[in-house]
1. Report, to the nearest 10°, how far helix B:48-67 tilts away from the longest principal axis of the Cα atoms in chain B, using its own Cα long axis and a range of 0 to 90°.
2. For the stretch A:30-141, build the charge dipole from Cβ charges (+1 Lys, Arg; -1 Asp, Glu) around the Cα centre, then report which of A:Phe56, A:Ser108, A:Leu32 sits farthest towards its positive end.
3. Among the listed pairs A:Lys58/A:Lys91; A:Lys28/A:Lys115; A:Lys124/A:Lys238; A:Lys8/A:Lys338, which have their C-alpha atoms separated by more than 18 angstrom in this model?
4. Rounded to the nearest 20 debye, what is the charge dipole size of the stretch B:1-113 about its Cα centre when +1 sits on each Lys and Arg Cβ and -1 on each Asp and Glu Cβ?
5. Which residue fluctuates the most in chain B, going by a Gaussian network model with Cα springs under 10 Å, if the choices are B:Asn188, B:Asn21, B:Asn87?
6. Which Cα, out of A:Gln76, A:Ser139, A:Met119, lies furthest along the positive dipole direction of the stretch A:30-141 (beta carbon charges, K/R +1, D/E -1)?
7. Mind pulling the angle between the C-alpha long axis of helix B:88-117 and the longest principal axis of chain B? Nearest 10 degrees, somewhere in 0 to 90.
8. Given +1 on the Cβ of Lys and Arg, -1 on the Cβ of Asp and Glu, and no further charges, what dipole in debye does the stretch A:30-141 carry about its Cα centre, rounded to the nearest 20?
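Values in this text are rule-based calculations from the coordinates and carry no lab data. Quick caveat, the model's predicted, so the values are computed rather than measured. FYI the Cβ positions are ideal-geometry reconstructions off the backbone, even for glycines, and counts take in every protein chain you see.
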Amino acid sequence: MLYDKWWKILAVILFIYILFFGILIPLKPGILNVSPSRFNAGDQVSVKVEGYNSFFLKEAELWRAFIKIDSIHSLQAYEINVISDTELSSKFNIPANLPSNLNLLSASFILDHPKSGAMLIPSKIILSQDSINLASAESSWLNKTKLKLHYRSSFEFPYRNILYETIRNTFYHVSLWFAMFIFFGFSVYHSIKFLKHHKIEDDLKSNALVNTGILFGILGLLTGSLWARFTWDTWWTKDIKLNMSALTMLIYIAYIVLRASIQDIDKKRRISSAYNIFALVAVIPLIFVLPRLTDSLHPGNGGNPAFGSDDMDNVLRMVFYPSVIAFTLIGLWIASLKYRLDYCSLKIEDIDE
Amino acid sequence: MNWHHQVAALIRRDFLFEWRNLYQIGAILGFMLGVSYIFYFYSGEISARSWSLAYWVSLLFLSFFSGGKIFESDLGECRYYSFQLINPFIHFISKSIFVIIELYIYSIMLWLVFWFLLPFKIQFGFQWLALLFICISTIGLIISFASYISMSATGKQILISILSLPIVFPILGMGFVIGMQLIEPNINFNFIKSIYPLLGIQFFCMALLIFIIPLIWKS
């Protein structure tokens with residue numbers, strides 16, 4: 001009995017694991033905000049830093065702060081005052097000239113600590129200058145030794161600006177889409193088998209898998225929309241991947257409509273199986289090709305990396321990959337229940353006839 | 001009779017039937033004039049974006065009107081000939097080619113009607129015709145497939161729209177974007193490079209249909 005059910009038990013264990021660790025593992029410390037963020041060259045400024053999950057009071061004297069323009073130009077704060085665990089102020093003497101031909105320049109703000117590691121808020125600082133003098137700027141901004149920052153090695157999720165705590169949605173939103181494609185792939189396998197051997201069981205399996213895939217796709221859209229509301233400040237955007245995903249759902253909803261509108265059972269099975277193959281192949285350019293040809297907010301599209309070190313670290317992977325397996329197994333369980341229900345209905349109809 | 005002779009004969013037959021039903025061509029022409037007149041009357045100063053959008057949306061409806069019923073028309077008087085005597089694959093190929101040619105003619109007619117009522121200079125006429133052909137041939141294939149599989153279903157017209165619209169949508173979108181570039185070209189615009197994805201989708205559809213269609217009737 002256990003032999004048949006091991007994968008269901010595994011699905012439940014993995015699901016509990018992703019719920020538990022996905023929610024309880026904290027984020028690494030990060031910078032929530034710096035203010036003010038706009039300075040003129042030659043100013044003496046005090047920058048107030050707001051931290052997230054930070055412990056500024058621990059070994060407060062070891063904190064260092066930098067304004068970083070590029071890999072070789074940066075400026076270190078000459079004084080740091082820690083106010084609380086989440087607040088500190090840093091003082092900078094901005095040199096009279098900037099190392100650029102431009103009058104306006106964006107720079108990143110970095111905090112570094114031997115134990116807490118480096119925290120960065122990219123392109124937050126805006127620097128301006130009235131006159132350009134590259135020679136003078138080079139001497140005051142140039143780092144003769146490479147900026148040495150500390151890395152915090154801990155069992156924590158990465159802190160990403162804009163995403164914050166919603167980075168945990170990766171385990172649900174992305175995994176749901178992964179699982180959906182696995183179901184659609186399996187359903188095509190069963191459709192091809194049905195078209196070759198005409199076994200009703202294959203058609204029922206294919207139908208159950210498509211229905212489960214649609215359910216997961218809709219959940220993926222909903223979790224994506226919720227994520228977009230938090231990170232992009234809107235429930236829906238014109239982002240190509242988002243809209244192509246919605247089209248994917250429409251293509252598969254058309255499969256359900258097609259099945260419902262053909263009365264002849266044999267024709268229904270044959271035609272819907274053929275459409276199922278067509279649907280999956282039509283979806284591939286929509287989801288995997290077109291978004292790569294144009295700008296997209298999604299990682300992995302429009303030149304953004306996917307699953308690179310910027311988006312995912314090893315701690316995230318420890319929860320993400322099990323979540324893909326968990327959702328796939330749970331979906332297969334749902335599909336197997338749907339298949340058995342349809343099969344029983346079919347047998348009852350046969351007995352009635 | 002070779003297969004290509006059969007295909008040519010079937011296309012000829014379809015054009016003959018179309019020609020005999022002149023009221024259908026009249027209705028399509030009426031639709032084109034009506035739609036472009038509405039745009040002419042209500043749009044005022046029209047931008048390249050609005051022109052391109054109006055054109056492609058009109059073309060979408062035109063495709064559904066003219067391509068949606070191609071197999072249904074054979075269910076009447078030619079049923080025995082079309083569904084018993086000839087190879088279904090040849091039947092499908094001939095219908096697809098017919099739809100593509102018919103839609104291409106209609107798309108050029110629509111362009112002329114738009115040019116008459118909503119004059120907008122397209123900088124690269126030849127590229128525009130090539131773009132139309134690539135988009136129309138993909139749309140024609142998809143509509144033929146949707147029409148073929150919904151032949152035996154109830155509520156055919158709605159089903160054809162439901163089946164083909166989500167797949168046609170990105171093709172129209174790409175046609176719209178590239179079309180806009182042909183009206184108001186960008187310095188970095190490269191026509192050949194921009195039509196690669198469209199060509200890819202087109203060959204993809206063709207290959208897929210060659211594989212799928214025999215699976216539907218082979219039983």
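1. The angle comes out near 10 degrees.
2. A:Leu32
3. Working: A:Lys58/A:Lys91 20 Å; A:Lys28/A:Lys115 12 Å; A:Lys124/A:Lys238 26 Å; A:Lys8/A:Lys338 15 Å.
The pairs that break the limit, which is 18 Å between Cα atoms, are A:Lys58/A:Lys91; A:Lys124/A:Lys238.
4. Details: 7 positive and 7 negative charges, 25 e Å.
Here the stretch B:1-113 has a charge dipole of around 120 debye.
5. Among B:Asn188, B:Asn21, B:Asn87, the largest GNM mean-square fluctuation belongs to B:Asn188.
6. A:Met119
7. So the helix axis and the longest Cα principal axis differ by about 20 degrees.
8. Working: 8 positive and 11 negative charges, 27 e Å.
Computed about the Cα centre, the dipole is about 140 debye.
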